[in-house]
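**Student:** Below: one structure in structure tokens.
The values are calculated or read from the model by the stated rules, or taken from the named source; none is laboratory data. Not measured: the values here are computed from a predicted model. Cβ sites come from the backbone with ideal geometry, for glycine too, and all protein chains shown count toward neighbours.
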Amino acid sequence: MAAANPLRALQDPLRYDRRLDPCAMLILGANGDLTRRMLIPALCQLACDRRLPPSFAVLGNSRTPMTDEQFREKMRDGVESFLRDGVIDEDTWRDFAAGLFYEPGDVRDPACFARLASRLAAIDRERRTGGNLLLYLATQPSHYDAAVEGAGAAGLARGHGWRRVVVEKPFGSDYASAAALDSRLQQVFEENQIYRIDHYLGKETVQNMLAFRFGNGIFEPLWNRRYVNHVQITTAETIGVEGRGSYYQEAGALRDMIQNHMLQVLATMAMEPPAVFEPQAVRDERAKLLRSVRVMKPEDVPQHAVAGQYGPSRSGGQEMPGFRQEPGVAPDAQTDTYAAATFFIDNWRWADVPFYVRSGKRLPRRVTDVAIQFNSAPHALFTGEHHDSAPWSRPNILVLRIQPEEGISLRFLSKFPGSGMKLRPVSMDFQYGSSFGARSPSAYETLLVDVLAGDATLYSRHDMVMASWAVVQPILDDWGNRRFDFPNYAGGSWGPRESDEMLARRGHAWRTP
């Protein structure tokens, strides 16, 4: 009998080749940046790759008056600017654009959904979409309640085909508002119809964490408190708020990045192996991990969480404004443009292992990665005058690079050529582009294919969202009751001094990506 293939449970040979059902996609907020920069270019790329069903259509909606042709022209501008391959075949665009339609209206007006339902029925007859409907909430979060209620009243949540709804983040602004949003969603849709999208989970390296751990016998035995000293998860951006000051002033780094993206990455990296590779099993383990993250006591927050805000700086001979000088930002804004926290996971695998998470704007480099630092060798065999201070005395680190260059790097010690036992660190690097020679699909391409196929593996579930809000809520409460002496880091630096001190208290230091 042939030996079992250890990768079999993780392989889905039909993931990108499987046949997708005909369907219509209703995008609410279709005149926004998300539709133009992400959704339509991703759908068009899927059409170029022949991965969309022939009977597919998009109906866009927003308050802006537009005809079908005007909508198509605007979407073409977006495709030409943001398509991953940069070039689109004219015949492919013509076929794809023939399935793009537009119906103006305000989602807060019940009559709007009556018109949308009528238009969808006509599109169903013309494009033969089989009654299947994907409702995509790309509108402002403040309009979610009205959109869901209107869709339900117009009968769009039920029909002779399948009905699904994609909800963009943010899923609320705190624990209470997230619970209220989910309650409203589940008054109209069943949980198995709701797809809460987090585009970080669609990135290749985030998915590859599962294959790396569970498809290889080398690493999984080391993936625990016995061998791992600590974990650092970094999301750094070189840009500021880029004209989004008024929005960002109400969000901040903790809400915008850590509560959703970074806790989902943490859960994917640290979860237990699922019994089978199927949506519910994978999400069960991710949810169980999030519920195991220790919720901070109020008195512990100042020791385990750090807020920062960038100030004015000079870069390349140019003066850069601080956050409080950005358009739409109050001159005394208390918004965190940098957030760092130390999390602990209370289970047998990770007890007492610190997980350091940080996210910030106007930092030196744009990078997102997960760095797993292993314990040093128990006995320093190769001692010498430089043993404790030289770079080669640093411990082994495994880095999972999520962006901008997706890949994996393992650092270990090797003997320097020549006489004597001088050691220096070297790295083994794997890069997606050079190793496979193929374009990785964008996160939205992956996630759109999945929702069209009804595969929720990479989407967040209700209990996962609530567990992640429970983790950050004590930090939000503490920061909301304090007044910080902002700004406390210069643009172009790696954040506030207090963040370094948070790690130094445990004898650790942030690595420089």
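**Student:** Which ones in the stretch 16-44 are more than 26 Å from Val148 (Cβ to Cβ) and crowded, with 24+ Cβ neighbours inside 10 Å?
**Tutor:** Once the filter is applied, which keeps residues that are more than 26 Å from Val148 (Cβ to Cβ) and crowded, with 24+ Cβ neighbours inside 10 Å, the stretch 16-44 yields Pro41, Cys44.
**Student:** Further question: For the stretch 328-346, does any single residue satisfy the condition of being outside any strand (DSSP E or B), of a type in the set (A, V, I, L, M, F, W, C), assigned by TED's automatic domain parsing to the domain that holds Val399 and under 27 Å from Leu458 (Cα atoms)? I'd like the intermediate steps shown before the answer.
**Tutor:** Applying the first criterion (outside any strand (DSSP E or B)) to the stretch 328-346 yields 328-337, 344, 346.
Checking which are of a type in the set (A, V, I, L, M, F, W, C) leaves us with 329-330, 333, 344.
Narrowing further to those that are assigned by TED's automatic domain parsing to the domain that holds Val399: 329-330, 333, 344.
Still in the list and also under 27 Å from Leu458 (Cα atoms): 344.
There is at least one residue in the stretch 328-346 that is outside any strand (DSSP E or B), of a type in the set (A, V, I, L, M, F, W, C), assigned by TED's automatic domain parsing to the domain that holds Val399 and under 27 Å from Leu458 (Cα atoms).
**Student:** For the stretch 211-226, which residues satisfy the criterion of being at pLDDT 95 or above and surrounded by fewer than 13 Cβ atoms within 10 Å (Cβ to Cβ)?
**Tutor:** Arg226
**Student:** Within the stretch 139-152, can one find any residue that is in contact with a Gly (Cβ under 6 Å, 6 or more places away or on another chain), at positive phi and touching a residue at least 12 places away in the same chain (Cβ under 8 Å)?
**Tutor:** Checked against the condition, which is being in contact with a Gly (Cβ under 6 Å, 6 or more places away or on another chain), at positive phi and touching a residue at least 12 places away in the same chain (Cβ under 8 Å), the stretch 139-152 yields no hits at all.
**Student:** Can you name the condition, by its number, that Val471 falls short on among (1) surrounded by fewer than 20 Cβ atoms within 10 Å (Cβ to Cβ); (2) in contact with a helix residue (DSSP H, G or I) (Cβ under 7 Å, 6 or more places away or on another chain); (3) not acidic (Asp, Glu)?
**Tutor:** Here Val471 meets the rest and fails (1).
For (1) in contact with a Ser or Thr (Cβ under 8 Å, 6 or more places away or on another chain); (2) hydroxyl-bearing (Ser, Thr, Tyr); (3) modelled with pLDDT under 95; (4) over 15 Å from Phe56 (Cβ atoms), each residue gets a yes or a no:
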position: Arg84; (1), (2), (3), (4): yes, no, yes, yes
position: Glu90; (1), (2), (3), (4): no, no, yes, yes
position: Ala114; (1), (2), (3), (4): no, no, no, yes
position: Leu120; (1), (2), (3), (4): no, no, no, no
position: Ile123; (1), (2), (3), (4): yes, no, no, no
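Residues checked against (1) modelled with pLDDT of 95 or more; (2) hydroxyl-bearing (Ser, Thr, Tyr); (3) surrounded by 17 or more Cβ atoms within 10 Å (Cβ to Cβ):
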site	(1), (2), (3)
Ile345	yes, no, yes
Val353	yes, no, yes
Arg358	yes, no, yes
Lys361	yes, no, yes
Ser376	no, yes, no
Phe382	no, no, no
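**Student:** Please find, among Gln264, Gln232, Gln259, the residue that is surrounded by 20 or more Cβ atoms within 10 Å (Cβ to Cβ) and closer than 23 Å to Ala42 by Cβ.
**Tutor:** Result of the check over Gln264, Gln232, Gln259: Gln264.
**Student:** Would you check if there is a residue in the stretch 188-199 being out of contact with any helix residue (DSSP H, G or I) (no Cβ under 8 Å at 6 or more places or on another chain), among the acidic types (Asp, Glu) and either outside any loop (DSSP other than H, G, I, E, B) or modelled with pLDDT of 95 or more (or both)?
**Tutor:** yes
**Student:** For the stretch 120-138, which positions are charged (D, E, K, R) and surrounded by 18 or more Cβ atoms within 10 Å (Cβ to Cβ)? Break it down into steps so the answer makes sense when it comes.
**Tutor:** Of all residues in the stretch 120-138, those charged (D, E, K, R) come to 124-128.
The answer is Asp124, Arg127.
**Student:** Give me the residue from the stretch 158-180 that is among the charged types (D, E, K, R) and in a loop (DSSP other than H, G, I, E, B) and, out of that set, surrounded by the fewest Cβ atoms within 10 Å (Cβ to Cβ).
**Tutor:** Applying the filter and picking the extreme gives Arg158.
**Student:** Moving on to the next point. Looking at (1) on the phi < 0 side of the Ramachandran plot; (2) in contact with a Gly (Cβ under 6 Å, 6 or more places away or on another chain), which is the only condition Asn481 fails?
**Tutor:** (2)
**Student:** Could you name every one of the helices (runs of 4 or more DSSP H) located completely within the stretch 433-513 that has at least 1 residues being under 17 Å from the mean Cα position of the chain (by Cα) and more than 30 Å from Pro41 (Cβ to Cβ)?
**Tutor:** 462-480
**Student:** Shifting gears a bit: Quick test for you: out of Leu503, Leu452, Leu476, Leu447, pick the one residue that is closer than 25 Å to Gln264 by Cα and in contact with a Cys (Cβ under 9 Å, 6 or more places away or on another chain).
**Tutor:** Leu452
**Student:** Output the qualifying pairs, or none if there are none: Cβ atoms under 6 angstrom, residues six or more apart or on different chains, first residue in the stretch 65-94 and over 21 Å from Ile123 (Cβ atoms), second residue small (Gly, Ala, Ser) and surrounded by 14 or more Cβ atoms within 10 Å (Cβ to Cβ).
**Tutor:** Taking only residues 6 or more apart or on different chains, the pairs are Arg84/Ser442.
**Student:** Report yes if some residue within the stretch 399-413 is among the small types (Gly, Ala, Ser) and either modelled with pLDDT of 90 or more or surrounded by 15 or more Cβ atoms within 10 Å (Cβ to Cβ) (or both); otherwise report no.
**Tutor:** Yes, the stretch 399-413 contains a residue that is among the small types (Gly, Ala, Ser) and either modelled with pLDDT of 90 or more or surrounded by 15 or more Cβ atoms within 10 Å (Cβ to Cβ) (or both).
**Student:** Go through the stretch 202-243 and give me each residue that's in a loop (DSSP other than H, G, I, E, B), within 20 Å of the chain's Cα centre (by Cα) and in contact (Cβ under 8 Å) with a residue 24 or more places away in the chain. Step through it out loud before you land on a result.
**Tutor:** Start the filter on the stretch 202-243 by keeping residues that are in a loop (DSSP other than H, G, I, E, B), which leaves 203, 215-219, 223-227, 237-243.
Applying the additional criterion that residues be within 20 Å of the chain's Cα centre (by Cα) yields 203, 237-242.
The answer is Lys203, Glu237, Thr238, Ile239, Gly240, Val241.
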